[in-house]
Every structure is written in structure tokens, then in C-alpha cells.
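Read the figures in this text as sums done on the coordinates, not as results from a lab. None of the values given here were measured: they were computed from a predicted structure. When we count neighbours, we look across all protein chains shown, and the Cβ atoms used for this are built from the backbone with ideal geometry, even at glycine.
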Amino acid sequence: MESALRGVKLKELVAELLQSGLARQQGGPPPSCRSPLPVIRKATGIPHPALSNREIENMLIAEDANGRS
């Protein structure tokens, strides 16, 4: 779709994107790189384990069933 909007062939657009990506890679990380997410630690300093969406949902359902918010 981008190539149609620009009025260029898809092959030309892909080549352009590859060239700009390689040029950025040589000059360091692109400016849109995000910093890593912070690690949440308990007061004890022990990191919390990573939870899946399903585990979080189950915890919320259990809290609702117990009347807590």
C-alpha cells in the first residue's frame, strides 16, 4: 500500500527501506528504540516472576470472587 501511495514499485520501496535500515544500523540504534521496561521488585528486593495474561486474569477473577477490589 505504501508503494502505491508513493507511486513507486514495491521492489523499489523494499530496496529503499533496506538501504535506510542498514544505514541506521551502521550509525547506532535508530531513534525510535524504546528503553527496556522497568523491573518491579518487592521491598525485599526480590523480582516478581513474569505472569502470563491468563495468570493475571485468573488472579483478577479470584479477587472479584472474594469481594476485593
Give me the number: length gained by fully extending Arg24 to Arg6, i.e. 0.36 nm times residue separation minus the C-alpha to C-alpha distance, one decimal in nm. 4.3 nm
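At a Förster radius of 35 Å, what calculated FRET efficiency corresponds to the Cβ-Cβ distance of Leu17 and Glu55, to the nearest 0.05?
0.35
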